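What follows is a set of notes on a single structure, which appears directly below.
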């Protein structure tokens with residue numbers, strides 16, 4: 001599964017009000033998977049300030065080396081860190 005998911009909440013979208021995207025430097029495109037066929041063909045988003053500012057929340061699912069987490073801390077609005085990839089004393093970071 002890709003490493004970092006992000007969501008923007010907009011009423012009326014087909015995923016209960018959320019537009020979902022992901023970033024993973026090792027998985028540029030989601031391959032066919034039986035459990036979640038709706039994600040097949042989804043492409044990894046760019047990892048840049050503009051993209052990160054566009055998401056309401058970012059969830060870190062896998063802590064990859066080489067990911068610029070400082071960029072995420074600077075431009076992400078709310079971050080849920082399930083892998084302890086970020087320092088614990090950041091205001092917008094929730095550990096899960």
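Of the residues making up segment 63-96, those that are outside any loop (DSSP other than H, G, I, E, B), in contact with a strand residue (DSSP E or B) (Cβ under 9 Å, 6 or more places away or on another chain) and closer than 21 Å to residue 28 by Cα are 69, 72.
The residues of segment 61-76 that are modelled with pLDDT under 90 and touching a helix residue (DSSP H, G or I) at 6+ places or on another chain (Cβ under 9 Å) amount to a single one, 63.
The residues of segment 20-39 that are outside any loop (DSSP other than H, G, I, E, B), modelled with pLDDT under 90 and either surrounded by fewer than 13 Cβ atoms within 10 Å (Cβ to Cβ) or over 11 Å from the mean Cα position of the chain (by Cα) (or both), listed by number, are 37, 38, 39. The residue of segment 40-62 that is surrounded by the most Cβ atoms within 10 Å (Cβ to Cβ), among those that are within 11 Å of the chain's Cα centre (by Cα) and assigned to a strand (DSSP E or B), is 60.
The values are calculated or read from the model by the stated rules, or taken from the named source; none is laboratory data. Treat the numbers as computed from the prediction; the structure is a model and nothing was measured. Cβ coordinates were reconstructed from backbone atoms using ideal geometry, including for glycine residues, and neighbour counts include every protein chain displayed.
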